[in-house]
Amino acid sequence: MKIHSIAAQDFLSFASLGLSLKPGTTVVTGPNGAGKSNLSAAIALPLLVLERGLGGPGDDSDPLEVYGQAGRLGSDAYTVSLDIELDRPQEQELVRLFMEAAVVANAANIRDEGGSAAAASSKAVFALFTELGVAADSVQSLFRGTLQVAYAARHRSRWWAAWNFNHGEQQMQLILCGPRAGQLVQGQLPPWFEGAVASFRTASPLLRNVRLPIGKQTSEETVLRSFLRTDKSPHSGKAEPTAIDFGRILNNLDAARALVVDVPPLTNDTGTEPYALAALADALGREHGRNTRYDFRFVLAKVLRQGMVFTDNRRLPLARHFPLAEVGSPVDLRDGSAVAAELHRLKNGSIEEQQRFAQVRKVFHDITRLDLHLRSVPSPNAGLTIDILVGPAEGNQVAQFAGAGVQEALLLATLLAGEPGRVVVLDEPAVNLHPTVQRRLSRHLVDVQGIVITHSPDLIPCSDIADLDRVVRLTQRTDGTHVSSLTDKHREQLGAWMQRLLLADVRALLFASAVILCEGATELGALSQWWNQDPAGLGDPGSANIAMVDVGGEASFGGYINYLEAFGIPWAVVADGPAFAPTAKLGKQLMKLGLAPSDRPALENGFTTWRDYWNRAGIFTLADTFGNDGTKAGEIEAYLERLDKLLLEKVQAEHRSSKPRIGAAFAAAHPEMPAEVLNLYRQIHTHLNTRTNRSPGR
């Protein structure tokens, strides 16, 4: 299974979400409260809706109850959609089996209808439908679709779900939950709207009252035979039916009709039960009976249950004692507590499962440099006590005493070595891992299909510019959570800047609410010291999650700005006077990036005019002159000298060439914050607030 995109409307923090997922692992970044964990909830919700009422575990609680409060800003209606591809052979075979069982069961229920000669002839055709299989390629259009779920508190059904897919050039919708559940219709109607047009449609079982589109007259038998594929018999030399073409049944659908696509209970005494019904029940892991009804929800629920793995951002302690029944089948690893049972199952399972256990050990060793062993003994309550041992064979210890990081690595290794074709959603997987271990872990995430929600810069891939295609940043704005990702324009301009991303502090900017770029270390040291005093009650940068960065000179601004723009991170610049000159490098970089204001002053204008012009772009300074005449009058040191020359000379003598210490020591020793510094912070604060509430791309 693959998830190609996630969409939502009015769900949790998302007013409107449209996130395309690249192959491999998508890394989701952003500041606290941006809505990162809400992505996990959006992916989990469709399965909960599908499983509702399907007879799951014997828990009387309704996991969907809390989702009644998931509307954004108290909204009583929302939608969530997943663009899903069923690309695994077993998933595709399950779809084919369902459609075959649906055709067979519907044919079996009407095959005994008799009467006229025409009816008897149709009866013989229906008999063929119980004997032939559905051709695998005829259900291909169902392998890719959008699973859409919706909630409406004011509607009688509240929950609605549909599988939207394309058959040729025609849109189709198979309604799974809510009004008209089980009906396959032409077109893709939004939630709840189906009821408004249902009266114009004739809904009937899959093979009853079949006919060609309106305006074409033909017999029922002719239509039925048109659904059958034929091939020349090697014995008689005549064309004989060989398979049912489900695609031709879809071709028979028009806007005036709806087909009920389900596997109904058998109502006729057919003697031998059709094989397809038992095969479907086995594939779904359910007991089959003549009175059992299946719909397409069972298929998609099975696929999603096996194809998606979630972890919470909170872990429970490792469990040791397990009932025997729990160690014989795959366990839920969401909270991490049952890792021991899953490892025991893999170690003692099939050849394929034993190979996966070996892979878990390898991944765990690569991440932690520790060996992994298991020890299991019968427990007093007729179950098993399973201990995970880590470390060398001659000196290992139980995992419970090895620390939270080792327990986290155990869960991650088990998930990363899981069955192929799964979508793994990891919420804060590295919270207990040392940065070195996180970097080792990131190398194992490359080939895993899934989503990693993280606050760690060490989990952000950066070996190649293409790695950034798999990084998205979420930002909370006044109109909801927005998603930013790398565009073609920014990709080209960042290519030569990739080496900067090797620095963890640069990748960490993806988690900041905003960034202040300082031209040099002296500015960073002094301004950080002054502004941390929370000037004018505006809040200090640290508590507001505003990062301050020394870019290392005017020539480096462009790369940082391009990087921040690519991911929608608000920024401001504090530069020396020379950067404001008409021919300065910073101005040229901003013009190249398309970020310079349009009404550019004339070259002969003075410093004040050019300063005000660049202020509108987010470029600020403490200088009062260009200072590009060799005097250095526009640099930060010149400003500090004007404030207190003796103090500057003192801290320069004490800290020599350490510019960050010189700036910080000067600010700490200065009796009060200068008015210019306070005004600079107010300007930046206003600018960043405006940028924070700006929609990306504007």
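For segment 135-157, backbone nitrogen atoms closer than 12 Å to the point 7 Å from residue 171 Cα along Cα-to-C-beta are found at 146. Across the options 19, 400, 579, the greatest Cα extent toward the positive end of the charge dipole of the chain (unit charges at beta carbon of Lys, Arg, Asp, Glu) belongs to 19. Taking GluC sites (Glu not before Pro) as exposed when DSSP calls them loop and at most 14 other C-beta atoms lie within 10 angstrom, the chain has its longest site-free stretch at 395-603.
Each other residue within a Cβ distance under 13 Å of residue 34 adds +1 if Lys or Arg and -1 if Asp or Glu, for a net charge of +3.
Per-residue extension of 0.36 nm, minus the Cα-Cα distance of residue 267 and residue 595, leaves a gain of 110.9 nm for this segment.
Starting from the Cα of residue 645, draw a straight line to each of the lysines and keep only those under 26 Å, dropping any in the same chain fewer than 8 residues away. Cross-link targets: 632, 659. Taking amide H as placed 1.01 Å from N in the peptide plane, the amide H of residue 534 sits under 5 Å from that of 540, each at least 5 places away or on another chain.
Three principal axis extents describe the C-alpha atoms of segment 259-344; from largest down they are 54, 30, 15 Å. Spin-label model, residue 504 to residue 385: label points 7 Å out along the Cα-to-beta-carbon direction sit 3.9 nm apart.
A simple count of charges around residue 72, restricted to other residues whose Cβ falls under 13 Å of its Cβ and scoring Lys, Arg +1 and Asp, Glu -1, yields -2.
When Rg is the radius of gyration of the Cα atoms in segment 573-691 and Rh is its Kirkwood radius, what does Rg/Rh come to? Radius of gyration relative to Kirkwood radius: 1.00. Calculated translational diffusion coefficient of the chain (37 °C, 0.692 mPa s; Stokes-Einstein with Kirkwood radius over alpha-carbon pairs) equals 110 µm²/s. Since only 252, 526, 673 are under comparison, the one whose Cα sits farthest along the positive direction of the charge dipole of the chain, derived from C-beta charges on Lys, Arg, Asp and Glu, is 252. From helices alone, the chain scores -10500 deg cm²/dmol at 222 nm; the rule is -39500 (n - 2.57) for each run of n ≥ 4 DSSP H residues, then divide by the residue total. Using only side-chain charges placed at the Cβ, +1 for Lys and Arg and -1 for Asp and Glu, the dipole size of the chain relative to its Cα centre rounds to 900 debye.
Between segment 64-79 and segment 274-326, what is the C-alpha centre distance in whole Å? Between the Cα centre of segment 64-79 and that of segment 274-326, the gap is 27 Å.
Short-range pairs are left out: with C-alpha atoms under 8 Å and at least six residues apart, the relative contact order of the chain is 13 percent.
Legend: P(r) of segment 242-306 from all alpha carbon pair distances, 5 Å bins from 0, whole percents, reading 3, 13, 20, 20, 21, 16, 7, 1. Annotation: amide H-H contacts under 5 Å for residue 70 (H modelled 1.01 Å from N, sequence separation of 5 or more, or interchain): none.
Legend: calculated FRET efficiency, residue 689 to residue 282, from the Cβ-Cβ distance at R0 = 60 Å, rounded to 0.05, equals 0.50.
Straight Cα distances below 29 angstrom link residue 232 to the lysines 123, 216, with same-chain residues fewer than 8 positions distant left out.
Give me the one-decimal Kirkwood hydrodynamic radius in Å for segment 572-612, with the sum taken over alpha-carbon pairs. All intermediate terms of the calculation are to be shown ahead of the outcome.
Working: mean 1/r = 0.0937 Å⁻¹.
Kirkwood hydrodynamic radius for segment 572-612: 10.7 Å.
How large is the translational diffusion coefficient of segment 331-379 in µm² per second when you combine the Kirkwood radius over alpha carbon pairs with Stokes-Einstein at 4 °C and 1.567 mPa s? Display every interim value, and only then the final one.
Values: Rh = 11.6 Å.
Translational D for this selection: 112 µm²/s.
So what is the relative contact order of segment 289-345, in percent, for Cα pairs below 8 Å that sit 6 or more residues apart?
32
Summing charges over all other residues whose Cβ lies under 14 Å from the Cβ of residue 601, with Lys and Arg as +1 and Asp and Glu as -1, gives 0. Dividing the radius of gyration of the alpha carbons in segment 466-595 by their Kirkwood radius gives 0.97 for Rg/Rh.
For residue 629 and residue 255, FRET efficiency with R0 = 56 Å and r from the beta-carbon atoms, rounded to 0.05? Provide the component values of the computation, followed by the final result.
Working: r = 77 Å, r/R0 = 1.38.
Working from the Cβ atoms, E equals 0.10.
Throughout, read-outs are computed from the coordinates displayed, never taken from laboratory work. None of the values given here were measured: they were computed from a predicted structure. Glycine also receives a Cβ, built like all others from the backbone with ideal geometry; neighbour counts cover every protein chain displayed.
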